[in-house]
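Just so it is clear, none of the values below were taken in a lab; they were calculated from the coordinates. Just so it is clear, the structure is predicted and the values come from calculations on it, not from any experiment. A quick note on method: Cβ atoms are made from the backbone with ideal geometry, for glycine too, and the neighbour counts reach across all protein chains shown.
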């Protein structure tokens, strides 16, 4: 086969992207993690344990659902939904946190630090820490704490300590900065559970591999149902972990087109968006070289999206590589369009999607119309929308008053 | 000024029976127009090297004092290019070596080659990029080497013996020995085995070893100086300057070794 894909290289580079741009104090920890990860992934007992938790705790495999009503509504390709929203804690995030928590134990560490934006990764981390009896500190921007009060309470119920971050704009980027500072200070006994395909090598690879269960199951399930590969797969992108998990198993299947959907907030012609691929340029942030939203002097800019989970000014190094190589096509969806997607899936299928996933739904609806009826799209429905309904209610009421 | 000139300065300090005292300041904190005046003040205070920090939106290696100083500088619209241009305008009026401390992204955005050219034009002796470990050095180092500007490396408490060997092999300018696991900012004390750690690095290193992170008093500077070639003081100096107490900086600088 001519299209063998073997990223990253030995030093964690995906072409020019990725790498390990971290303070020297962390180099030992990231190298230790790399070794622990490599040995774990060839250790049958580790893999069996991981599989046990994915099956009996997370609830995998989850369905690949043929969305017949949504398909009729779109009027084109058949639409399948990969139901990551049915996982324990309601999103794909736990596929990664359970894996990394088991790695933490394997490395002999009993403490965990993580960042969170909307709180999904924070809740998924606090959950596995409760399960495995690990100490857990979660950094969260003060603005996000205000917006996602209930998730803060959830994390605390689960035994985590939530630290408010007031630096910068008090959102996800600042929470990552503070979590990194905490990790530097407590690196000897603490593991950082990175929530997306971001950060220094080996994090983007580890998170991708733990999330690849999404694409692997999709492939197998579609083979059973339709006897073939999908023509297109679609996933939303903030840092890009659910998308990487969906795409990775299909990269060598040339006939499968792949679409990553960024959040363009109020629009890419405004300064309120999170479209790092569409509007950004290459730079270094949080340990990795990737596409970023930045100004001419190299200062990182704030991202904006209705969906807190997509509200990050960068996108993982492997996505950056796949953009340049042309293997994945990156598109964007505005807040308004995402809300339309949200309403559409809710009304036609009785499934309330997360606002993040609503971006993928909205784009897939456009895409389906351009495809033939015997073609197939698989969408990663990365999370459920329960966490977003209060925010959406507020927005609808506000707009109703106008 | 090049890394050779900085080496000459280090040699002179040694001859005078003193230790190196490096002062970190945030470029543009208080406005870029104050930069020359501040550097001259440091020269008068007996400082050996100025480490000139470039403000960055996401300074993950820095504690609250330097974060705040960076924010003030960013509010003044200070950029890497702006700092180097300002420095170039008065480089002949200062005699103290200047080392630029910047995170990787502003350098990457400017372009490593342009950055090195502008550093050379500004008379810079060395560059510190705290989020660039040896593994990622190449793209920055090549053009700096062309201009004889040192790319300074870090050794930390988490560095194994093997890593220390790897780091000192080919080290330029000086070794930045990080004295704590953590970020910049004043601390009351250090781990007991720190002196042994510093002495071990100093024994191996072909260039001077300077201890930094958390150094905030003359006593700490004197104590750490006994185990290596000198210290780097940051947050304390940034605070003094911000509070208009720059004249007190000279009180932090130790005199001749063994002389109180």
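The range A:302-371 and the range A:95-150 have Cα centres spaced 25 Å apart. Compactness check for the range B:140-232: Cα Rg over 2.2 N^0.38 Å is 1.08. Each Cα pair under 8 Å and six or more residues apart adds its sequence gap; the mean of these over the residue count of chain A is a relative contact order of 20 percent. Distance from the C-alpha centroid of the range B:78-106 to that of the range B:1-66: 10 Å, rounded to the whole angstrom. Counted over the range A:96-187 with a bin width of 5 Å, the fraction of Cα pairs per bin, in whole percents, is 3, 17, 27, 24, 19, 8, 2, 0. By DSSP, the beta bridges lying fully in the protein assembly as shown are antiparallel in about 20 percent of cases. Over what distance in Å are the Cα centres of the range A:1-30 and the range B:143-218 separated? Their Cα centres are 25 Å away from one another.
Shown for B:169, A:56: other C-beta atoms within 10 Å of each C-beta, ranked fewest to most, produce the order A:56, B:169.
Test of understanding: ordering B:93, A:271 by Cβ neighbours within 10 Å, fewest first, what list do you get?
B:93, A:271
So what is the relative contact order of the range A:85-206, in percent, for Cα pairs below 8 Å that sit 6 or more residues apart? Answer for the range A:85-206 is 28 percent. Relative contact order of chain B: 23 percent, from C-alpha pairs under 8 Å at least 6 residues apart in sequence. In terms of overall dimensions, the range A:241-328 has a Cα radius of gyration and Dmax of 13.3, 41 angstrom. Normalised by residue count, chain A yields a Cα convex hull volume of 138 Å³ per residue. FRET efficiency for the residue A:394 to residue A:269 pair, using the beta carbon distance and R₀ = 35 Å, is estimated at 0.85. In this calculation the C-beta distance from residue B:188 to residue A:130 is compared with R0 = 35 Å, giving a FRET efficiency of 0.50.
Counting partner chain Cβ atoms within 10 Å of every residue's Cβ in B:152-164, what's the average?
Mean partner-chain Cβ count within 10 Å for B:152-164: 3.
Averaged across the residues of A:6-19, what count of C-beta atoms belonging to other chains lies within 10 Å of each residue's C-beta?
The per-residue average across the peptide is 1.
For the range A:161-273, state the semi-axes of the equivalent ellipsoid (square roots of 5 times the eigenvalues of the alpha-carbon gyration tensor), sorted largest first and rounded to whole angstrom. One finds semi-axes of 33, 20, 10 Å for the range A:161-273. Across peptide B:120-132, the average count of Cβ atoms from other chains found within 10 Å of a residue's Cβ is 2.
Given the -39500 (n - 2.57) contribution per DSSP H run of 4+ residues, what per-residue ellipticity at 222 nm results for chain A, rounded to the nearest 500 deg cm²/dmol? Helices in chain A give a 222 nm mean residue ellipticity of -13500 deg cm²/dmol. Computing FRET efficiency as 1/(1 + (r/R0)^6) for residue B:147 and residue B:43, where r is the C-beta to C-beta distance and R0 is 25 Å, gives about 0.60.
Would you mind ranking A:181, A:154, B:12 by Cβ crowding within 10 Å, fewest neighbours first?
Working: A:181 25, A:154 19, B:12 11.
Ascending number of Cβ neighbours within 10 Å: B:12, A:154, A:181.
Taking one quarter of the surface of the C-alpha convex hull of the range B:3-252 gives a mean projected area of 11.8 nm². In the distance distribution for the range A:256-402, Cα-Cα pairs more than 26 Å apart total 28 percent.
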